[in-house]
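A.B. asks: Handing you a structure now.
Nothing in this text is a laboratory measurement; each read-out follows from the coordinates by a stated rule. Here the structure is a predicted model, which means the values were calculated and not measured. We place every Cβ from the backbone using ideal geometry, glycine too, and count neighbours over all the protein chains shown.
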């Protein structure tokens, strides 16, 4: 019979090993750990000693659990990221291909949480829109808008001078998540 390493009291990343916790569904030795965030988490020993598990799943994905509550917002968020960053997306040529990007605050771990904090809940019948159709996806250039507002806010509806004025207005306005359609 194999003798297992006793890793009680050792820390792996943010996880402190508390005690042995039986075996996982695949037969691997499992350990009860406590993350720096305070959550207790059961993890297979080989993931700890192999340095593949350093945080609890809630610290890795802070938006975990929000996806059910903010499902409509997450669909808009995902579509925005795909249009700007995924070359295989059908709309990439009109967004990311033209140099339109998503601000750093809305990308990476916690990006969805920041998106919700900046944009608020998505009102019924509205979708994500950029005030300046030539601008990037960022808090001072985005809003929840109706289909009619979006139809009137296309690139072809403005001259270059009008787009420059729109950009200046969006920057001077700042951001109000409860704001109604402006254009």
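A.B. asks: Just need the relative contact order of segment 66-173 here, percent rounded to a whole number, with Cα pairs under 8 Å and 6+ apart.
C.D. replies: Values: 115 pairs, mean separation 21.7, N = 108.
So the answer I get is 20 percent.
A.B. asks: Can you pull the Kirkwood radius for segment 66-173, inverse mean 1/r over Cα pairs, to one decimal in Å?
C.D. replies: For segment 66-173, inverting the mean 1/r across all distinct Cα pairs yields 14.4 Å.
A.B. asks: Rounded, prolate or oblate for segment 11-60? Axes are the square roots of the Cα gyration tensor eigenvalues, ordered a ≥ b ≥ c, and the cut-off for rounded is a/c under 1.5.
C.D. replies: Working: a/c = 1.78, a/b = 1.50, b/c = 1.19.
Here segment 11-60 falls in the prolate category.
A.B. asks: For segment 64-126, compute Rh as the Kirkwood radius over C-alpha pairs and then the Stokes-Einstein diffusion coefficient at 20 °C and 1.002 mPa s; write the answer in µm²/s, rounded to an integer.
C.D. replies: Details: Rh = 12.4 Å.
In µm²/s, the coefficient is 173.
A.B. asks: Applying 1/(1 + (r/R0)^6) with R0 = 25 Å to the Cβ-Cβ distance of residue 161 and residue 121, what FRET efficiency is obtained, to the nearest 0.05? Write down the numbers at each step before the final one.
C.D. replies: Numbers: r = 35 Å, r/R0 = 1.40.
Efficiency, from the Cβ-Cβ distance: 0.10.
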